[in-house]
Amino acid sequence: MASGLRAAWSEDVMKSAVDAVRQNQMGLNQAAKQFSVPKAILQRHVTHVKRLNKRSQDGKKQLGRSQDLLEETENDLVSHD
């Protein structure tokens with residue numbers, strides 16, 4: 001893995017590593033080494049699988065913060081006098 005690159009691993013490889021850890025096939029350290037993914041990022045994906053599966057409308061990874069308010073709630077707050 002090259003230094004200084006963001007997400008140098010493929011999404012499919014990360015998903016396989018997350019699945020292996022969540023199904024207790026191997027530990028976090030072993031999965032990180034076997035799949036050549038950063039351990040800290042693998043741990044984050046294992047504990048926050050919902051974020052890993054979050055997709056934008058075009059099917060690509062969505063970067064940035066997640067939306068905490070429903071659109072309806074946000075509109076109610078905006079229109080509140």
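The values are calculated or read from the model by the stated rules, or taken from the named source; none is laboratory data. Note that the coordinates shown come from a computational prediction; the quantities given were computed from them, not determined experimentally. Quick reminder, even Gly has a Cβ in these numbers, built from the backbone with ideal geometry, and neighbours come from all protein chains shown.
Any chance segment 33-41 includes a residue that's among the charged types (D, E, K, R) and modelled with pLDDT under 85? Checked against the condition, which is being among the charged types (D, E, K, R) and modelled with pLDDT under 85, segment 33-41 yields no hits at all. How about segment 45-81: which of its residues are modelled with pLDDT of 80 or more, surrounded by 10 or more Cβ atoms within 10 Å (Cβ to Cβ) and more than 13 Å from Trp9 (Cβ to Cβ)? Matches in segment 45-81: Val46, Thr47, Thr73, Glu74, Asn75, Asp76.
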